[in-house]
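Heads up: the structure comes next, in structure tokens.
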Amino acid sequence: MTAAAMTMRPERPSHAKRNLALLATALLFVWAAVSVGVDPAEILELPAGLALVFYEMFLEKGPDWSYLPTAIEGMVESLQLAWVGTVIGAILSLPLGFFGAKNVSSGVVSSVMRQILNAIRAFPEIVLAVAIMIPIAGLGPVAGALAIGLHSVGTLGKLTAEVVEGIDSGPVEAARAAGARSLQIQRWGVLPQVLPEIIAFWLYRFEINIRAAAVLGVVGAGGIGFSLQQTITFHRYELTGTLVIVVVVATIAVDTVSGWVRRRIIEGTGARRVTGEPIEHPEMIETAPAGTERP
């Protein structure tokens with residue numbers, strides 16, 4: 001290769017595909033906005049409307065702190081709904097996720113299970129509550145918890161299957177070579193690899209379910225959402241402001257604690273555990289005489 005050829009600049013890449021993709025995205029957005037009847041004037045009025053709602057909730061009269069016990073009670077019920085639904089989803093999604101993983105299940109079973117999980121995940125919690133759970137269990141927290149749990153099965157099952165498909169095959173081959181049966185292989189070769197990440201997914205799903213529980217109260221499925229719906233309907237915005245503050249504070253607190261627990265689970269307790277270096281307790285270390293080396 002000549003020196004001139006080596007110093008030549010590479011050809012400028014073509015941006016035609018990128019520009020076409022951006023144009024198609026813009027046209028799709030315009031088509032969707034026109035189809036659903038989005039009025040640009042209403043969008044421009046949105047900041048003023050939000051400012052008015054904020055003023056009525058927090059500035060005109062201020063939050064009604066005498067309503068705080070009722071707000072906390074509703075929030076506790078929402079937390080209970082979210083926790084029960086998360087536990088239901090975690091218990092059911094773990095085996096279903098293993099069935100949906102292609103590397104530990106047959107191709108037909110995996111494909112069928114993936115489609116079942118997709119079908120469950122296609123319906124949001126509020127639709128599951130209104131269409132299925134409330135007619136079965138009636139109005140109240142039971143319907144909300146079951147709706148949250150069913151939707152969590154679809155999401156957690158898919159995530160579990162994807163985590164299982166990314167495992168290291170070494171422990172599985174070692175368990176198989178040792179004569180382990182199928183269930184033992186899953187227990188000792190697969191589960192220890194994926195369990196920390198799966199538990200982290202469970203905790204993250206709990207955070208999402210708290211928000212879902214607050215929404216489900218609007219349709220009579222229990223939780224603080226019912227109080228929100230009632231106070232907004234009767235224009236008791238000072239009560240709504242109290243409820244909103246409780247929801248925000250509780251959500252931030254749960255997110256903070258859950259995030260810390262997730263990091264501890266995924267990252268471990270310290271660098272020595274990661275490197276495999278034995279952890280010595282200070283009381284176990286013998287004091288060596290001066291000038292000598294510890295083994």
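The values are calculated or read from the model by the stated rules, or taken from the named source; none is laboratory data. Here the structure is a predicted model, which is why all the values come from computation and not from measurement. Quick reminder, even Gly has a Cβ in these numbers, built from the backbone with ideal geometry, and neighbours come from all protein chains shown.
Residue pairs, Cβ under 7 Å, 6 or more apart or interchain, first in segment 22-48 and surrounded by 10 or more Cβ atoms within 10 Å (Cβ to Cβ), second of a type in the set (Phe, Trp, Tyr) and assigned to a helix (DSSP H, G or I). List them.
none
If you check every pair at least six apart or on different chains, which have Cβ atoms under 7 Å apart with a residue in segment 233-257 that is in contact (Cβ under 8 Å) with a residue 40 or more places away in the chain and in a helix (DSSP H, G or I) first and a residue that is of a type in the set (Gly, Ala, Ser) and surrounded by 14 or more Cβ atoms within 10 Å (Cβ to Cβ) second?
Thr242/Ala71; Leu243/Ala71; Leu243/Ser227; Val246/Ala71; Val247/Ala214
Is there any pair linking a residue in segment 145-163 that is in contact (Cβ under 8 Å) with a residue 24 or more places away in the chain to one that is part of a helix (DSSP H, G or I) and among the aromatic types (Phe, Trp, Tyr), with Cβ under 7 Å and at least six apart or on different chains, and which?
Filtered contacts from segment 145-163: Leu156/Phe201; Leu156/Trp202; Leu159/Phe201.
Yes/no per residue for (1) modelled with pLDDT under 85; (2) farther than 28 Å from Tyr67 by Cα; (3) under 16 Å from the mean Cα position of the chain (by Cα):
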site	(1), (2), (3)
Gly149	no, yes, yes
Ser152	no, yes, yes
Arg176	yes, yes, no
Asn209	no, no, yes
Gly222	yes, no, no
Arg236	no, no, no
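Please go through segment 74-98 and pick out each residue that is small (Gly, Ala, Ser) and either within 15 Å of the chain's Cα centre (by Cα) or under 9 Å from Ala213 (Cβ atoms) (or both). Break it down stepwise before answering.
First, pick out the residues of segment 74-98 that are small (Gly, Ala, Ser): 74, 78, 82, 85, 89-90, 93, 97.
The answer is Ser78, Ala82, Gly85, Gly89, Ala90, Ser93.
Please work out if Ile88 is out of contact with any Phe, Trp or Tyr (no Cβ under 7 Å at 6 or more places or on another chain), touching a residue at least 60 places away in the same chain (Cβ under 8 Å) and either on the phi > 0 side of the Ramachandran plot or surrounded by 14 or more Cβ atoms within 10 Å (Cβ to Cβ) (or both). Before you say what the answer is, go through the steps one by one.
Working: out of contact with any Phe, Trp or Tyr (no Cβ under 7 Å at 6 or more places or on another chain): yes; touching a residue at least 60 places away in the same chain (Cβ under 8 Å): yes; either on the phi > 0 side of the Ramachandran plot or surrounded by 14 or more Cβ atoms within 10 Å (Cβ to Cβ) (or both): yes.
It is true that Ile88 is out of contact with any Phe, Trp or Tyr (no Cβ under 7 Å at 6 or more places or on another chain), touching a residue at least 60 places away in the same chain (Cβ under 8 Å) and either on the phi > 0 side of the Ramachandran plot or surrounded by 14 or more Cβ atoms within 10 Å (Cβ to Cβ) (or both).
In segment 143-152, how many residues are crowded, with 24+ Cβ neighbours inside 10 Å and more than 17 Å from Phe226 (Cα to Cα)?
3
For segment 123-130, does any single residue satisfy the condition of being free of Cβ contacts under 8 Å to residues at least 24 places away in the same chain and more than 20 Å from the chain's Cα centre (by Cα)?
no
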